[in-house]
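Here the structure comes first, spelled out in structure tokens, and everything after it is commentary.
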2 protein chains.
Amino acid sequence: MPRTESAITNFHGFLQDQGLKLTSERAALVREIFSIHYHFEADELLFKMKEKSVKISRATVYRTLELLVKSGLVRRVHLGEDHYHYEHVSGDSHHDHLVCTTCGGVIEFLDEPLEKRALEICEKKKFRPTFHNLQILGICDSCRRKGEEPEAPDRVTMIAARAMKLRK
Amino acid sequence: MPRTESAITNFHGFLQDQGLKLTSERAALVREIFSIHYHFEADELLFKMKEKSVKISRATVYRTLELLVKSGLVRRVHLGEDHYHYEHVSGDSHHDHLVCTTCGGVIEFLDEPLEKRALEICEKKKFRPTFHNLQILGICDSCRRKGEEPEAPDRVTMIAARAMKLRK
DNA sequence: AGTTAATTGCGACTGAGTCTCAGACTCCGG
DNA sequence: CCGGAGTCTGAGACTCAGTCGCAATTAACT
């Protein structure tokens with residue numbers, strides 16, 4: 001799977017166009033990001049690098065993510081609550097998200113008629129779209145089956161889930 | 001315009017159902033919120049109260065907003081970047097947003113075919129939606145006209161714009 | 001190899017949002 | 001109309017994501 005290396009090449013090209021440099025830190029981050037086939041958070045990435053004993057500072061992680069977003073190799077997504085999540089762009093394209101408020105799971109989808117309709121709306125409003133972001137919050141099938149509406153939308157477990165992430 | 005008072009009545013009902021109380025602070029916040037006919041941020045609300053010399057602490061503002069969201073009288077929206085924005089629900093319903101990345105302006109819209117399509121997608125995926133949130137980022141008509149693509153998406157001015165908001 | 005501008009890490013900082021707890025208030029029953 | 005139980009408030013400390021400034025380092029072109 002040479003996807004990762006081609007991503008680095010792409011990124012390198014982008015950096016050169018901007019008069020910027022491809023450093024070992026940046027390359028390592030791209031490699032890591034393209035091995036994560038899911039959404040991730042900035043601090044999660046930082047933590048993974050630390051686990052692998054690749055020393056990269058928080059600032060660099062954030063700076064690199066910003067560059068990657070600008071280059072188009074990585075996309076920023078809002079999922080349900082809180083702060084940002086990221087995902088790498090796999091050559092192919094855009095999709096939207098169904099986010100389960102009970103288990104936190106995310107289902108991706110791409111729906112042509114919906115995309116088309118969104119463009120028509122923009123046209124009507126004379127708005128030139130560059131990107132869009134649709135999340136539908138709700139309850140996924142499996143959560144619905146086990147226990148109808150298992151209480152509050154589980155802020156608690158989501159927080160607990162990330163409590164482990166020691167900082168620094 | 002008795003909308004505000006009926007909102008307070010609604011909220012009172014909601015609170016009672018939960019065994020909670022309608023305090024003067026909560027009422028004042030509801031009154032303020034229903035006089036803002038646009039999106040606002042939590043700290044902005046705090047600031048407005050301060051301006052009017054109605055003393056309400058930050059904690060109370062956040063706590064009340066949470067209750068209002070739960071009660072359905074206020075909606076949380078993501079707009080473009082950063083943190084949350086809120087808007088009151090005006091009896092009528094849901095809408096989505098076109099957000100201009102140049103001037104920060106927001107155009108609201110409600111499009112039936114699009115809403116319908118979103119529901120169909122949920123059905124297909126056996127997902128029970130409770131809410132959705134669509135933002136389309138791009139360039140609005142007037143920004144497009146004056147100067148094609150006036151540089152970077154103006155993070156700077158957005159930050160400057162809020163720099164004035166002294167804390168406390 | 002040398003130069004120079006870009007990059008890094010560090011630690012301090014910011015800003016939104018949360019938590020704790022003592023004192024204040026609401027609301028209900030009497 | 002009063003008292004008590006339990007909710008609510010304000011203040012300030014705290015958290016957590018993200019940013020910034022700066023001195024030391026490094027990529028990349030010559």
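The values are calculated or read from the model by the stated rules, or taken from the named source; none is laboratory data. Here the structure is a predicted model, which is why all the values come from computation and not from measurement. Glycine gets a Cβ as well: all are built from the backbone with ideal geometry, and neighbour counts include every protein chain shown. Areas reflect the complete protein model, heavy atoms only, side chains present, ligands, DNA and RNA absent. Shrake-Rupley method; radii C 1.70, N 1.55, O 1.52, S 1.80 Å.
Within the range B:1-15, the set of residues being within 9 Å of DNA strand C (Cβ to nearest atom) and either open to solvent by less than 20 Å² (accessible area, probe 1.4 Å) or not assigned by TED's automatic domain parsing to the domain that holds residue B:72 (or both) comprises B:15 only. In this structure, is residue A:128 under 20 Å from residue B:133 (Cβ atoms), basic (Lys, Arg) and open to solvent by 30 Å² or more (accessible area, probe 1.4 Å)? No: the conditions fail for residue A:128.
Candidates are the residues of the range B:65-90 that are open to solvent by 30 Å² or more (accessible area, probe 1.4 Å) and among the small types (Gly, Ala, Ser); the one that is nearest to DNA strand D (Cβ to nearest atom) is B:71. Only one entry of A:50, A:21 meets the criterion of being farther than 30 Å from residue A:106 by Cα and outside the structural domain of residue A:104 (by TED's automatic domain parsing), and that entry is A:21.
For the range A:46-64, taking the residues that are more than 9 Å from DNA strand D (Cβ to nearest atom) and open to solvent by less than 10 Å² (accessible area, probe 1.4 Å), the one that is nearest to residue A:35 (Cα to Cα) is identified as A:49.
The criterion of at least 2 residues that are within 14 Å of chain B (Cβ to nearest Cβ), within 11 Å of DNA strand C (Cβ to nearest atom) and at positive phi is met by none of the helices (runs of 4 or more DSSP H) falling completely within the range A:16-100.
Check whether at least one residue in the range A:25-33 is more than 9 Å from DNA strand D (Cβ to nearest atom) and under 23 Å from residue A:96 (Cβ atoms), and report yes or no. Yes.
Can you find a residue that is within 8 Å of chain A (Cβ to nearest Cβ) and either part of a loop (DSSP other than H, G, I, E, B) or among the hydroxyl-bearing types (Ser, Thr, Tyr) (or both) anywhere in the range B:114-126? Yes, the range B:114-126 contains at least one residue that is within 8 Å of chain A (Cβ to nearest Cβ) and either part of a loop (DSSP other than H, G, I, E, B) or among the hydroxyl-bearing types (Ser, Thr, Tyr) (or both).
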